[in-house]
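The values are calculated or read from the model by the stated rules, or taken from the named source; none is laboratory data. Source: prediction; values computed, not measured. Cβ: placed from backbone, ideal geometry, glycine included. Neighbour counts: every protein chain shown.
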Amino acid sequence: MSPEQRNEMDDLGDSFTYVFPAIRGVQASKEYYVTMCPLKLIPKIFIYNESELPPKLRAQRTLNKARIPEISNYIICNPKEYIFSSLTASVDGNIKFTPLHESAKKNKLGLLSIPMEARFIINDGQHRRAAIEAALDKKPELGLETISVVIFVDEGLKKSQQMFSDLNHHAVRPTRSLGILYDNRNLFSRMVMEIIGTVTIFSELTELERTNISNRSTKLFTLSGIHKATKELLGKRSKNPSVTEAEKQLAIEYWNGVLYNMLQWTQLIDGKTTSYDIRQNYVNAHGVILDALGMAGRALIKANPSNWKKKLHGLRKINWSRNNTKVWEGRALVGGRLSKTQSSVVLTSNYIKLQLGIPLTPEELKMEKRLGKPSNGE
């Protein structure tokens with residue numbers, strides 16, 4: 001082949017390109033580009049085939065296939081509301097940016113040409129890419145919708161690995177409480193917010209953003225703690241369980257009943273004590289007790305559907321003091337510290353159930369036997 005023919009072939013190869021409208025920017029003194037890509041092109045361009053490579057030779061974590069159906073269903077079930085953040089990718093190829101304007105002030109807008117043989121490496125978003133592919137199999141009409149893609153020029157494996165580390169190291173997940181607060185699509189979360197607005201002790205003393213309460217806080221509970229305890233109360237297990245108006249009213253009545261029979265809580269409402277004092281000196285200001293109250297409440301209502309409110313009076317005879325180690329050590333306390341483990345919740349619930357006159361299940365009795373403590377001690 002002559003040099004002229006070879007040049008013609010090179011020019012022909014260069015003509016097979018993807019062309020995207022793009023914005024050019026600069027980070028760390030290097031150019032990068034932001035573009036919009038149709039969803040139908042995502043599986044074709046971003047081919048993920050690194051799962052069999054050892055970690056040191058990969059630019060990404062191994063794909064967790066268990067996450068894909070959940071993300072895919074999110075797209076399919078919310079076609080008018082789903083939202084995705086940008087994919088981030090490095091491109092190993094001869095990228096060419098053609099400004100739309102000659103003016104230096106306006107040359108940030110243009111067309112980004114990328115050879116079709118270029119290799120796209122995902123630095124952030126491989127699970128979104130796989131979920132998009134799965135969603136397109138069920139709803140091909142989504143293919144014309146777009147997702148933003150941030151494109152960097154590939155500088156090799158080490159740079160791609162560092163990009164992945166940097167992107168994930170500085171990402172901060174919202175707290176569980178904040179996720180519940182802002183999730184307007186989750187029916188159970190919406191119901192819990194209604195409960196909090198109705199039950200006095202919750203409406204005035206719930207931390208809505210954080211999952212932990214500082215010593216100086218005037219709050220007593222967290223939104224995530226109430227959410228979890230109410231799930232226990234109503235026997236819900238899925239992430240977004242269905243909920244009825246009757247269940248909501250039952251939960252409101254139950255938590256109001258607990259408030260009525262919890263001396264420290266009523267004293268706090270009346271201004272006779274502080275949240276700090278209760279947290280420091282009593283166990284019933286902490287999540288393990290709230291969970292246990294939810295668990296015990298479910299058993300109480302099931303065993304006494306007509307007079308469970310009267311049975312709740314049994315809460316009044318419980319000594320909730322942290323100094324009552326004869327009862328709480330090994331249950332809500334382990335080594336003098338509050339414990340959030342599931343076994344601690346069950347053992348604490350066992351004690352509450354017995355004070356309310358509810359028999360334990362065979363499995364709960366086995367746990368009590370292993371604990372080796374009397375269940376009625378004060």
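A few notes on this one:
- Residue check for Ile151: of a type in the set (A, V, I, L, M), part of a strand (DSSP E or B), under 32 Å from the mean Cα position of the chain (by Cα) and at pLDDT below 90: no
- Residue check for Ile289: within 21 Å of Glu247 (Cα to Cα), among the β-branched types (Val, Ile, Thr), at pLDDT 95 or above and outside any loop (DSSP other than H, G, I, E, B): no
- Filtering segment 275-284 to residues that are out of contact with any Phe, Trp or Tyr (no Cβ under 7 Å at 6 or more places or on another chain) and over 13 Å from Phe221 (Cα atoms) leaves Asp277, Gln280, Asn281.
- Boolean, Glu232 is at pLDDT below 95 and on the phi < 0 side of the Ramachandran plot: no
- Candidate set from segment 78-94 (those that are among the hydrophobic types (A, V, I, L, M, F, W, C) and at pLDDT 90 or above); member that is farthest from the chain's Cα centre (by Cα): Leu87
- Residue among Lys219, Lys228 that is over 16 Å from Arg279 (Cα atoms) and not aliphatic (A, V, I, L, M): Lys228
- Test: residue in segment 204-222 that is closer than 24 Å to Tyr74 by Cβ, assigned to a helix (DSSP H, G or I) and either over 19 Å from the mean Cα position of the chain (by Cα) or not hydroxyl-bearing (Ser, Thr, Tyr) (or both): no
Residue by residue, here is whether (1) surrounded by fewer than 18 Cβ atoms within 10 Å (Cβ to Cβ); (2) over 23 Å from Ile226 (Cα atoms) holds:
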site: His286; (1), (2): no, no
site: Asp291; (1), (2): no, no
site: Ala296; (1), (2): no, no
site: Lys302; (1), (2): yes, no
site: Asn307; (1), (2): yes, yes
site: Leu315; (1), (2): no, no
site: Asn323; (1), (2): yes, yes
site: Trp328; (1), (2): no, no
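- Residue match in segment 318-325 (condition: in a helix (DSSP H, G or I) and under 27 Å from Leu234 (Cβ atoms)): no
- Test: Lys248 is in a loop (DSSP other than H, G, I, E, B) and either surrounded by fewer than 21 Cβ atoms within 10 Å (Cβ to Cβ) or over 20 Å from the mean Cα position of the chain (by Cα) (or both): no
Matching residues to (1) within 25 Å of Gln267 (Cα to Cα); (2) free of Cβ contacts under 8 Å to residues at least 60 places away in the same chain; (3) part of a helix (DSSP H, G or I):
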{"residue": "Ala296", "(1), (2), (3)": "yes, no, yes"}
{"residue": "Gly314", "(1), (2), (3)": "yes, yes, yes"}
{"residue": "Ser343", "(1), (2), (3)": "no, yes, yes"}
{"residue": "Val346", "(1), (2), (3)": "no, yes, yes"}
{"residue": "Asn350", "(1), (2), (3)": "no, yes, yes"}
{"residue": "Gly357", "(1), (2), (3)": "no, yes, no"}
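- Test: residue in segment 166-173 that is out of contact with any Asp or Glu (no Cβ under 8 Å at 6 or more places or on another chain), modelled with pLDDT under 95, within 21 Å of Asn78 (Cβ to Cβ) and not in a helix (DSSP H, G or I): yes
- Number of residues in segment 254-286 that are over 19 Å from Asn324 (Cα atoms), part of a helix (DSSP H, G or I) and free of Cβ contacts under 8 Å to residues at least 12 places away in the same chain: the value is 2.
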